[in-house]
Every structure is written in C-alpha cells, then in structure tokens.
Amino acid sequence: MKKKYQNAFLIFGLAVLALMVSQLDFQEVWSGIQRAGYWFLAVVLLWAVLYIFNTGAWWIIIKSQEEDNGTESAAIPSSAEAEDSSVKAENSSAEAEKKKVGFLWLYKITVSGFALNYATPGGLMGGEPYRIMSLSPRIGTERATSSVLLYVMTHIFSHFWFWLLSCGLYIATEPLDLGMGILIACIASFCLLAIWFFMKGYKRGIAVSGMRLLSHIPLVKNWARRFFDKHSEQLSTIDSQIAALHGQNPRTFFCAVALELACRVVSALEIFFILLVIMPSANYLQCILILAFTSLFANMLFFIPLQLGGREGGFLLSAKGLSIGASEGIFVALLVRLRELIWTAIGLLLIKLEVKSKK
C-alpha cells in the first residue's frame, strides 16, 4: 500500500479514537480496572487469541483461491487457448512465488482492519478498503477484492447463525413468556431471512453491487468510484470467483463459517471473566446470550463510531432480561468498551508496522 494511503488510514483512525477516549470518565474507568484486577488483563489477552480465529477464516479463503487457480491452470483447453492459458499460468505462478501471504502479516492486517471498522461510522467501511489495498500488491486486485468480500460475507453470515442459535439456547435455558416468545420469534425469522439472502449472495456474488454501494460512502467514495471505473470487468470476474468458491469448495466455506462462529462463542468468555469479578456464580451460557443480544442491538446502530451507546444499551437490556442487575451490566459494558479502545489503538499502530511474510 502507498504510504499516503497508509498514513491517511492511520490519521483518521487516531482522530476518531481520540474523540472516543475524550468521552470516557477516567475516574470510573480506573475504578473499574482496579475492581477487575487481573481479569481485565485476561480479557485484553483473550482478543489476541480471538483474532487468530478471524485471521484463520480469511487465510483459508485466500489459500482456497490459490488452489482454484492451480486447478484452472491444470485444465488446459486446446490449441491457441492452451497457449494463452499456459502463459497466464506461468505468470500467475511466478507472481505467487514472488509474493506469498504470511499468516503473521495477515494477522496484522486483520487486527488493523477491525480497528478501522470500530472507528468508522457505518462500520465495515474503513477496514475493508484497507485490507484490499494492503493485499492487492501481494496477490492481485481481483483475488484481494474477492477474498475480502468473501471474508466479510462469512463474518456477517456467522453473526446471523450465532443469533439464530442463541434464540434456541434462550428457549432451552430461560423461562419464556409471551412477550419474549414474540421477540425471539421475530429475531429468529429475521436471521433465517438474512441467511437465505446471504446464500443467494454466495451463489451470485456481490462485488459489483458492493462497490456501487461504497461509491456513495463518505471518505472512500472517490477511491471506490475510481476503482469501479478502472476494474468493472474484473469485478464481474470477482463475482464469478465468489460463486465458484461457494459452489466448488464447500469445505472451505464451511471451515471459514465454523471458525467465525467458534470465535463468537469463545468471545463470550470476555463477559464471563468480567462477571466472575462480581458474580462468582456466573453462568457461561448466560454470557453467550448476553453477547448475542448485545451484539444484535449494537449492530442495529451500525452507523455510530465504535457503536457508542448502542453496545452499552444492549448490555443493560440483555442483562435485565436475564435477571442480572443494571450495575453489573454497566460494569461489563465499561470494561468491554475499554478493551475495544485498547485493541483499536493497537490495530491503528500496527498499520505503520511492517511484518514481512515468510516464503
């Protein structure tokens, strides 16, 4: 990525982060950290592990694309087409050998991408251009774009599965009255509809429609328009690649979704660790439900930077619904917010850190 773009992402992210930090009550934050003690350190370190899940899902998508390219190169047509195919295969092979994607480097890009998403109004509008622009010099624009789009789709797709499965968990473990029954039914119906929509997207691809959407988003719209004008044909090819990955590599698809879904479930440990400070009898299944309904509520307010207020409101509502006191909900929300700020700062600083991939 060019230095000017790298610096632009960094400066924008740091400016928004500084704004978010200025909204904190530092006395309350310090009191919360003292109360949590070493459990807060465990929460921060937990996310170093969780980002490995995210990186792994993206990694297997990229590796699957390499396998597909190799398979396509091996299937040689006749005559002139065979010659063209051979030349393209040689060029593709040379490029692959020249610039391989190391897992450590991809981990850095993953953390920085999520940091930019946290800091960007609208979410998923700062990290994704950064990922594409970082990955393109290594594997080419088409493959970089298709892998990022596939990963984003998989990341969001796993959220809907997580919310849907959490509805079943709530029914199995919590008392259900008429009001909650209606709410659970509505959430489950919404998730099923979204899952159906994403399955259609996997079969047809969303590169063209996605770039058209980005061309109307502030901060990235100029880049998106230039990109679309220059690569309209390639974007159509990317849509074909997305459909091909889902259709020809079901194992890759299910592995990526499973990693992302596992990440959601394991991330409930964050809430569990914090609740152990004030509730030694904390129930891990309840922590999964708190995370599910909090993330659902927060994502409904996706247009707010760092989901400020939305996540806190989600914690209070979900905690109340599970008969957990409001003070406990506020305590959890405070430490989770602080953890997000810490990892956002780490991710933004990693933008300037070069990690060379191993060959």
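Condition test on SER147, is it modelled with pLDDT under 90 and closer than 18 Å to ALA258 by Cα? Criteria met by SER147.
Going by the structure shown, is SER31 modelled with pLDDT of 50 or more and open to solvent by less than 80 Å² (accessible area, probe 1.4 Å)? Yes, satisfied.
Taking each residue of segment 282-301 that is open to solvent by 40 Å² or more (accessible area, probe 1.4 Å) and looking for partners that are at pLDDT 85 or above with beta-carbon atoms closer than 6 Å, six or more apart or interchain, yields TYR284/PHE272; LEU285/THR173. Yes or no: segment 343-354 includes at least one residue that is in a helix (DSSP H, G or I), farther than 30 Å from LYS100 by Cβ, at pLDDT 80 or above and under 20 Å from the mean Cα position of the chain (by Cα). No, that holds for no residue.
Pick out, from segment 101-201, the helices (runs of 4 or more DSSP H) lying fully within it that include 2 or more residues that are charged (D, E, K, R) and touching a helix residue (DSSP H, G or I) at 6+ places or on another chain (Cβ under 8 Å). Talk me through it step by step, then tell me what you get.
Numbers: elements: 103-119, 127-139, 141-173.
Correct list: 127-139, 141-173.
The values are calculated or read from the model by the stated rules, or taken from the named source; none is laboratory data. Keep in mind the model is a prediction, meaning the values are calculated, not measured. Using ideal geometry, Cβ is built from the backbone for each residue, glycine included, and neighbour counts are taken over all protein chains shown. The area values use the complete protein model at the heavy-atom level, side chains included, leaving out ligands, DNA and RNA. Shrake-Rupley method; radii C 1.70, N 1.55, O 1.52, S 1.80 Å.
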